[in-house]
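Notes follow the structure.
The values are calculated or read from the model by the stated rules, or taken from the named source; none is laboratory data. From a predicted model like this one, the values you see are computed outputs, not experimental measurements. Cβ atoms come from the backbone with ideal geometry, glycine included; neighbour counts cover every protein chain shown.
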Amino acid sequence: MQETGAGLLGSAKRLLCTLTSIVSTRLELLANELQEERLRLTQMLFFALAALFCFGMGILLLTVFIVVLFWDDHRLAVVGGLTVLFFASGTVMAMLLRSRAKAKPKLFSASLSELAKDRAHLGANHE
């Protein structure tokens, strides 16, 4: 009788140890994914700000160049046309940004898939 009790207790300890190991591994994976996502967002923000600055300066200088080029003949028409062009471009970029924000990859997808595999594996062993 004591052998089955010790065997049952030993099995319970091994099961608890296995579950603790699984949870620990999944938490480490989750922490890694959080760190990678934070790094990716920081890099994207830096590059977006640098690109925005460079494009802004380029557009400003191009606008000044075009207005000066047509200063004598059609300066108001050129300024109006460039204004419409910039507003249209800004609208298109805002729509693209919005669609990108909605289509972002699912957060913690690797962790969720590993947990689904664990659940399937434990379910198969249980039956």
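If you go through region 99-113 and keep only what is assigned to a helix (DSSP H, G or I) and at pLDDT 75 or above, you end up with SER99, ARG100, ALA101, LYS102, SER113.
Could you list, in sequence order, the residues of region 23-68 that are more than 30 Å from GLY80 (Cα to Cα) and of a type in the set (Phe, Trp, Tyr)? Don't jump to the end; show me each part of the working.
Looking only at region 23-68, we keep the residues that are more than 30 Å from GLY80 (Cα to Cα), and these are 23-47.
Answer for region 23-68, where residues must be more than 30 Å from GLY80 (Cα to Cα) and of a type in the set (Phe, Trp, Tyr): PHE46, PHE47.
Being touching a helix residue (DSSP H, G or I) at 6+ places or on another chain (Cβ under 6 Å) and either surrounded by 10 or more Cβ atoms within 10 Å (Cβ to Cβ) or part of a helix (DSSP H, G or I) (or both) narrows it down to one residue among VAL67, VAL23, VAL84; which is it? Give the derivation first.
Numbers: VAL23 fails: touching a helix residue (DSSP H, G or I) at 6+ places or on another chain (Cβ under 6 Å); VAL84 fails: touching a helix residue (DSSP H, G or I) at 6+ places or on another chain (Cβ under 6 Å).
Exactly one residue qualifies, and that residue is VAL67.
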